[in-house]
Every structure is written in structure tokens, then in C-alpha cells.
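One structure is given below, encoded as C-alpha cells.
The values are calculated or read from the model by the stated rules, or taken from the named source; none is laboratory data. Bear in mind the structure is a predicted one, so any value in this text is a computation, not a measurement. Using ideal geometry, Cβ is built from the backbone for each residue, glycine included, and neighbour counts are taken over all protein chains shown.
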Amino acid sequence: MSSRCEGPVLTYDILFITADQWRADHLPGRAPVALPNLEALLQGSVLFRRHYTQAYPCGPARAGLHTGLYPHKHRSILNGTPLDARHPTVFSLMRRAGVRPRLFGYTDTTADPRLLPPGDPAIGDYEGVAPGLEVDTLLTERATPWLAHLKRRGAAVPHPERGRDAIFAARPFGAPALFDAEDSETAFLTDRFLDWFSVAGPEPFFAHLSFIAPHPPFAVAEPFHSLVDPADVALPIGWGAFAREGAQHPLIAFHQARTNMSNFAPGLAGPAVAADEASVRRIRATYAGMAAEVDHHLGRIVAALKAAGRWERTLLVLSGDHGEQLFDHGLLGKLGYFDQSAHIPLILRDPRPEADAARGSVVDAVTQSIDLLPTLLDFAGLRPPANVDGESLRPFCRGERPAGWRDAAHWSFDFRDLVRGRPEAPQGLTDRLASLHVVRTERLKYVHFPGLPPAIYDLASDPEERRNLAGDAAGERLRVEGLERLLNLRLRHEDNTLTEWSPD
């Protein structure tokens, strides 16, 4: 277990940045838009090309990111599901070692209700703050500080009680957002970080900057709105044959029938599978513009660090919580089991001279969100708790690959709906059976359902996941391999005995 150290635990700054709903294919060289600041960052960093989250949506994704645990251990598996107080976060572990991590943005954490008085309004609120963080600027979907900023700037703020969604709904689909680019959420949060940084003092800091872009609603201000011509973006996987994509598995058909565009783009309605080509292209172009906006403000942050003489003492981690389907396979959002929901970016810049040999390199080893807690603790000279599932990525920053490194990614998705009590899934699944568990190697994609048939893909011949081999003779060997790997994973990572707090 980590413990408090003698003297300062940090000898350089740590800047931990996440961008919400950021797909791994929206990086320099792959995105349909120029990302010059990311490209410059990559020249001095390590890119982890095969990096995956362990769960989605937002709350479960960040629970694993912050605790280093697989979802079957932390059990915060839905937005609003509490994070058990016995599981420390990377922030609380740093804090007990003498560091004061500072938050700009949000963490989508639901507090353990045993720590709150009965009837406290924070019970079940998935927009709480992860333990260990000191809040500088809290920017949730309520967006109160940002709305107040817009009002001070003279912008109309319709229905402030509805939070950020009302701002985006004030313009029709396909139009730029009503605010100026310098007043966007991304700009506002960057400004708040830079304001704090300008007076932070010389001591090493740990700051977590959590951008909501490119999370829906898919709308952005000029000039980012017009950066990408919709005619230039690729059409989604399965375009023109979304019914065939749904026929692959009952869960995909279930999601296709229930994914409404009104939750993603202001002014649109109806199922995603019924979207016309112009709308699909506009949304995919807008998403790319939102990624470009994050890139622009990343450039401002790097410039400020350099101007202050702190760039060469800053460890920078840039990642996301989960991905986005963007109509691939006829889906929007983060759901199902396809790679687009789980494959996310990870860029690590280690400022120390020992990392010089690895700068600009690309790591093909499988890495996961749960690796970031042990990585950050390692850089601070701290040990992670004994039951943590992730592994430190620090050796990769020296150009080394640890012996016995994993060759598969694992993630889970719980698709029950306890709050609204709607039918949980196709074929009338009960709550306990409404989940899936993925094993993903370079060749194999095995998706296990406790109450539905599996999904199996040979990624060597079918990289886009268009042909489910479940029930075919060709998929039997892959099914056996997937089951063995899933069982072995659970056996290796069942230790959940760490107890740090008890209501008694």
C-alpha cells in the first residue's frame, strides 16, 4: 500500500488531460482534419496505438481510469452506481503522499452513499468528484460556471436550468454554435487552467484537466465548424447496409432500434439507422472539428508551459474515457461491443532524459485505462495497492517492453436500465444477465453474454467486424480461445480483498 513519503513526492509537474468520447482514429495522420499541436506533441512523446478503456459509458469508464481496477472489481458499472469508498483513486493515493491534485472539469464519480447523510441530494448523482481532488473549476453537464461566463460576455443563455444542452439546442442542426470560439467550454476550461497556472508558484503540481469535447451534442463554433468539408469525410462502417449490421447480433439490433439522434445532435430526431447521408457526413465533420478545437487549446497549454520554463519538467498524459460509434455499424454513442466505443488515444510525454530514446515512438503492445493509475504513481515513486489490475507504462517511455506483457484487451458493458425499468435487452433478459464481456487480441474478438449468444470475429480477415462467426464451424476454435482467455482473466484478477474504510 502506498504511504506518505518524507519530503516532496513530486519532482516535476504532472498534467493529466482527458477528452471525453474521443476515438483513437482521430489522431494526426488518421483524422480528417489537421491536428498540428498533437502532431508536435507526438514528436516528443510515446503513442500507445492499441489502448482501450475497460468499460463505458462515462462513469464506469472513469471509475476504472481512476482506480486501476477492472469493472467486475470496482462495480461502478452504470452512470450513478456508487464507487465503493474502499477503492482509492490515483488522486487520493497521491494526496496521502503529500500531493494536492487539482481538478479542472469533471470526473463523473458517484459517491459512496455510506459517506453521506441519509437523503443527501448527492446520493446517486454521477457528476460528483473523485476522492482526493481539490476542485478549481467544476464543469459538469449543468455547466453553471460556463453559462455564467457566457452571460457575462453578453450571450443569450436560454433555459439555464437545462444546462449545456439548451445552449446547443438554440441553433438548428448543421449550424455553428451560437457562442464565439473563444467562449466555448473547451476555451473556458483552458482559460481557467491557465489562470491558475499563472499564479501556481514554483512547486510541482498535479492537475487533471477534463475536457467534455468531443462529447455530444455534436456542435461547435466557427472556425472549427467549417474546418472539415462534410463531402471529405468517410462514410461509416456498414453504410447502406445497417440492417445487415443489426442482424449480426440481437444486442446490435436492439441498440439500433433505440438510438435516437435527438440525444446527439440539436435539431435531429429519429433512429440513427434512418439518418440521411448529408446528416451523417455533417455529424462526422463536426466531430472532427471538435477534435481540432481540443488540439488548438492543447497548443495554448503547451505554449504556456514552455513560456514559464516548465515544459521540460512536465509529465503530460493525454487520453480519453471511451470512444464514439459515429454511425459505424448503424450506432451512435458508446454502446455495444465494437472497437469504436472502446479504442481510445493515449499519449505519454516523459520529460526526463532517460526517455529521450523513445521520443516519437509508437507502442503496439496492448495497453488499457487501468494502467494509468500505476503509471502515475510510478512516476511519483509510489507503489499502487496490491489488488490493482493495471501495470505501469513507464518502461515503454524508456523504449523497453516489460516481460510477459498482456496480448489482449478486456472490457465490459452493462446495458441494464434500472432507473427507468424498461426492457433490459432483446429476448427479455433480466438485470443480472444484461451485460457483455470482451476479449480482444490482434486477431480475435470474442464477446461473451451471460444470457445471449456470443459474438466472434476473426480480425485478420474481418478487421471491420462485419461477420459474426458465432454458430459457424470457422468460429468454434476462436470461441474456445475466447472463453479460456476470459476465464483466465477473471481468475487472475479476482483479488478484491483490499478494505480501506468501513462504516463500522
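Of the conditions (1) touching a residue at least 24 places away in the same chain (Cβ under 8 Å); (2) among the aliphatic types (A, V, I, L, M); (3) out of contact with any Asp or Glu (no Cβ under 6 Å at 6 or more places or on another chain), Leu393 fails just one. Which one is it?
Of the numbered conditions (1) touching a residue at least 24 places away in the same chain (Cβ under 8 Å); (2) among the aliphatic types (A, V, I, L, M); (3) out of contact with any Asp or Glu (no Cβ under 6 Å at 6 or more places or on another chain), the odd one out for Leu393 is (3).
Mind listing whichever residues of the range 258-275 are surrounded by 14 or more Cβ atoms within 10 Å (Cβ to Cβ) and aliphatic (A, V, I, L, M)?
Scanning the range 258-275 gives Met261, Ala265, Leu268, Ala272, Val273, Ala275.
Take the residues in the range 452-466 that are touching a residue at least 40 places away in the same chain (Cβ under 8 Å), part of a loop (DSSP other than H, G, I, E, B) and out of contact with any Leu (no Cβ under 7 Å at 6 or more places or on another chain), then tell me which one is farthest from Gln340 (Cα to Cα).
Pro453
Please work out which one of (1) under 19 Å from the mean Cα position of the chain (by Cα); (2) surrounded by fewer than 20 Cβ atoms within 10 Å (Cβ to Cβ) is the condition Pro202 fails and give its number.
Pro202 satisfies all of (1) under 19 Å from the mean Cα position of the chain (by Cα); (2) surrounded by fewer than 20 Cβ atoms within 10 Å (Cβ to Cβ) except (1).
If I ask for residues that are over 14 Å from Arg440 (Cβ atoms) and either in the same structural domain as Leu69 (by TED's automatic domain parsing) or under 24 Å from the mean Cα position of the chain (by Cα) (or both), which ones from the range 479-493 would you list?
Selection gives Arg490, His493.
Among the listed residues Arg152, Arg162, which satisfies the condition of being modelled with pLDDT under 95 and either under 17 Å from the mean Cα position of the chain (by Cα) or basic (Lys, Arg) (or both)?
Going through Arg152, Arg162 in turn, just one is modelled with pLDDT under 95 and either under 17 Å from the mean Cα position of the chain (by Cα) or basic (Lys, Arg) (or both): Arg162.
Which ones in the range 322-361 are under 16 Å from Trp411 (Cβ atoms) and β-branched (Val, Ile, Thr)?
Ile344
Suppose we filter Arg282, Arg258 for residues that are free of Cβ contacts under 8 Å to residues at least 60 places away in the same chain, among the charged types (D, E, K, R) and within 19 Å of Gln340 (Cβ to Cβ); which single one remains?
The unique qualifying residue is Arg258.
Exactly one condition in (1) surrounded by fewer than 20 Cβ atoms within 10 Å (Cβ to Cβ); (2) within 20 Å of Ile252 (Cβ to Cβ); (3) not polar (S, T, N, Q) is not met by Val447; state its number.
Condition (1) is where Val447 drops out.
Kindly evaluate Pro172 against the criterion of being surrounded by fewer than 20 Cβ atoms within 10 Å (Cβ to Cβ), touching a residue at least 60 places away in the same chain (Cβ under 8 Å) and touching a Gly at 6+ places or on another chain (Cβ under 7 Å).
So Pro172 passes the test.
Just checking, does the range 350-372 include any residue being modelled with pLDDT of 95 or more, crowded, with 21+ Cβ neighbours inside 10 Å, in contact with a strand residue (DSSP E or B) (Cβ under 7 Å, 6 or more places away or on another chain) and closer than 22 Å to Ala234 by Cβ?
Within the range 350-372 (the criterion being modelled with pLDDT of 95 or more, crowded, with 21+ Cβ neighbours inside 10 Å, in contact with a strand residue (DSSP E or B) (Cβ under 7 Å, 6 or more places away or on another chain) and closer than 22 Å to Ala234 by Cβ), the answer is no, since none of the residues qualifies.
Just need a number here: residues in the range 12-45 that are in contact (Cβ under 8 Å) with a residue 24 or more places away in the chain and part of a helix (DSSP H, G or I).
7
Go through the range 199-219 and give me each residue that's free of Cβ contacts under 8 Å to residues at least 60 places away in the same chain and farther than 28 Å from Phe264 by Cα.
Passing the criteria: Val199, Ala200, Gly201, Pro202.
So, in the range 381-397, exactly how many residues are in a loop (DSSP other than H, G, I, E, B), buried (at least 19 other Cβ atoms within 10 Å of the Cβ) and charged (D, E, K, R)?
Counting residues in the range 381-397 that are in a loop (DSSP other than H, G, I, E, B), buried (at least 19 other Cβ atoms within 10 Å of the Cβ) and charged (D, E, K, R) gives 2.
Can you name the residue in the range 148-164 that is out of contact with any Phe, Trp or Tyr (no Cβ under 9 Å at 6 or more places or on another chain) and within 21 Å of Pro223 (Cα to Cα) and is also surrounded by the most Cβ atoms within 10 Å (Cβ to Cβ) among such residues?
Taking the range 148-164 and keeping what is out of contact with any Phe, Trp or Tyr (no Cβ under 9 Å at 6 or more places or on another chain), we get 148, 151-152, 154, 156-163.
Within this subset, residues satisfying the condition of being within 21 Å of Pro223 (Cα to Cα) are 154, 156.
Working: Gly154: 7, Ala156: 10.
That would be Ala156.
Out of all the residues in the range 62-84, which are part of a helix (DSSP H, G or I), more than 13 Å from Ala130 (Cα to Cα) and in contact with a strand residue (DSSP E or B) (Cβ under 8 Å, 6 or more places away or on another chain)?
Within the range 62-84, Pro71, His72 meet the criteria.
Just the residues that are assigned to a helix (DSSP H, G or I) and under 12 Å from Val220 (Cβ atoms), please, taken from the range 168-182.
Phe168, Ala181
Here is a yes/no grid of residues against (1) of a type outside the set (A, V, I, L, M, F, W, C); (2) part of a strand (DSSP E or B); (3) without any contact (Cβ under 8 Å) to a residue 60 or more places away in the chain; (4) farther than 19 Å from Leu315 by Cα:
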site: Arg86; (1), (2), (3), (4): yes, no, no, yes
site: Phe104; (1), (2), (3), (4): no, yes, no, no
site: Ala111; (1), (2), (3), (4): no, no, yes, yes
site: Ile123; (1), (2), (3), (4): no, no, yes, yes
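Could you please find all residues in the range 389-403 being in contact with a strand residue (DSSP E or B) (Cβ under 8 Å, 6 or more places away or on another chain) and farther than 20 Å from Pro353 by Cα? Give the derivation first.
Going residue by residue through the range 389-403, those that are in contact with a strand residue (DSSP E or B) (Cβ under 8 Å, 6 or more places away or on another chain) are 390, 393, 396-397, 399, 401.
Matches in the range 389-403: Gly390 only.
Would you mind finding the one in Gly80, Gly68, Gly44, Gly59 that is buried (at least 23 other Cβ atoms within 10 Å of the Cβ), over 22 Å from Gly381 (Cβ atoms) and in the same structural domain as Ala111 (by TED's automatic domain parsing)?
Numbers: Gly80 fails: buried (at least 23 other Cβ atoms within 10 Å of the Cβ); Gly68 fails: over 22 Å from Gly381 (Cβ atoms); Gly44 fails: buried (at least 23 other Cβ atoms within 10 Å of the Cβ).
Of Gly80, Gly68, Gly44, Gly59, the one residue that is buried (at least 23 other Cβ atoms within 10 Å of the Cβ), over 22 Å from Gly381 (Cβ atoms) and in the same structural domain as Ala111 (by TED's automatic domain parsing) is Gly59.
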